[in-house]
Amino acid sequence: MQIEIIDLGINNLDSLKRALSGMYEIVDIKVRDSGQEDYGKPNLIVLPGVGNFGAAANSLREKKLDKYIKEQHRKKIAILGICLGMQLLLNKSEESSISEGLGLIPGLVERLDSSNGRVPNVGWSEINFSTNKDSRIKINDEANFYFTHSYFANVDEEFVVATSSHGTGSFPAIIQNGLALGIQFHPEKSGLDGRLFLKAVIQDLLYET
Amino acid sequence: MKHRIIPIVLYDGTTVVKGKMFRNDRTIGSVEAIANLYAKRRPDEILFLDISATSEGRSPNFEIFEYFASKFDVPFGVGGGIRTVADAKRCISNGAEKIVLGTIAAENPTLITEISNELGSQAVVVSIDTHDNFVFKCSGKVPSGKRVLDFVQEVEKLGAGEILLQDITRDGTLRGLNLNRLIEVLKVTKIPVIVSGGIGKQEHFLEAFRLGASGVGAGAFFQFTQFTPNQVAWHLKDQGLNVRT
């Protein structure tokens, strides 16, 4: 099992590395900070991220990581985006109108509506799987996950795997388009529930490859 | 979103301290030991505030954040002594989920904007130490001249993602939160508010959550009474509140 974590140079990758490495008996984790190195074919690429969409999209481009990720996606490698990493899988963001995302899942990143609830949306919440999608991801009904975001993925219903609530409104918590899957919350900061979820979602993604 | 129960750990860079009304003269233990203890209690999140970094003109103890990150599988925030965007980035890259700005936010409010432009506003908590209707700085010792409600609106506009609303004369007294001030603050801002200062029993959490606080922070309550964050969560759940147990 080989997993590559994309390093945009902003956030700490240790909690993610710990969560991933506890998952399988043998897991080889490579941290990639440019599109050039050849580490051999990965089973999965994880794109985490915090901060500003524009800054992260620029960083992807400067390090030639955007080309690399798109190329791997064409070669049927699974891509998992977390938080800002999920937003980067989409086409564009209101946060930075000139920056382009990876476009692996069609959709736009938009600001949460403060008439529904307080923004940023911070804290623990449950998620609800879409009834029209037959997801193989199984989690404890009462599992809680940590969210911290001001923007959300506005995508067509067909790409929404699960939703969560923001005050009186709701937004996609998990989105998927084939081998590209995005998670709005932080499974690596969500205790045991988060680790169990991460394992379930990765197993599901690898089942597709 | 579930209500958050947030232990607040005050330390001087290495040693955890706690007292009353911002005079923190009682030593509790090493910050590593206390972090270990809280990590086992799986709080919703936790804040580590270095209360002497600013007064001693010292940088935050960045190395200790890596230790916290190795122990916690839930988010933690750090504050005290953060003066620049580079400081803030180093806190995040060492594993903190969010940074807390206190004195510096009152003295140099544009730093709030600079940090939130880089790290996102969700990473920036502004700690507001209040007495009557005024904001104090330097661990509650020096009046900033700013009024609480004006300052709340100012920091929201500048890009703060959360407010940590503290009350100097209630801190450590266990006599209950300043609920009137909480109500006033919630009315003038759209960002989440964590209220602290005076928690002494489980009902105090209940009152603040029912009024609309996103989080309630407690220091002395968790240091000096038998209660743990998870016990409080179960108690609140029994009362019908939406909390994580």
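Computed from the coordinates by the stated procedures, all read-outs in this text should not be read as laboratory data. Everything numeric in this text was worked out from a predicted model, so none of it was measured. Every residue, glycine among them, receives a Cβ derived from its backbone with ideal geometry; neighbour counts consider all protein chains shown.
The table below gives the values:
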item	result
Normalised per residue, the volume of the convex hull around the Cα set of segment B:48-126 (Å³)	77
Fraction of beta bridges assigned by DSSP in segment B:113-245 that are antiparallel (%, nearest 5)	35
Length-normalised contact order of chain A in % [C-alpha pairs under 8 Å, at least 6 apart]	19
Span-like helix ranges in chain A, DSSP H, alpha carbon extent 30 angstrom or more, Kyte mean at least -1.0	none
Cα convex hull of the protein assembly as shown - mean projected area over all directions, nm²	19.9
Links that overshoot a 29 Å alpha carbon limit, given the list B:20/B:157; A:75/A:133; B:89/B:237; B:18/B:98; A:92/B:71	B:20/B:157; B:89/B:237; A:92/B:71
Beta bridge orientation in chain A: antiparallel %, DSSP, nearest 5	55
Antiparallel DSSP beta bridges within the protein assembly as shown, as percent of all bridges there, nearest 5	40
Nonlocal amide H pairs with residue B:20, under 5 Å, H built at 1.01 Å	B:25
222 nm mean residue ellipticity, helices alone, for chain A (DSSP H n ≥ 4; -39,500 (n - 2.57); rounded to 500)	-7000 deg cm²/dmol
Net dipole in debye of segment A:82-122 [+1 Lys, Arg Cβ; -1 Asp, Glu Cβ; about Cα centre; nearest 20]	100
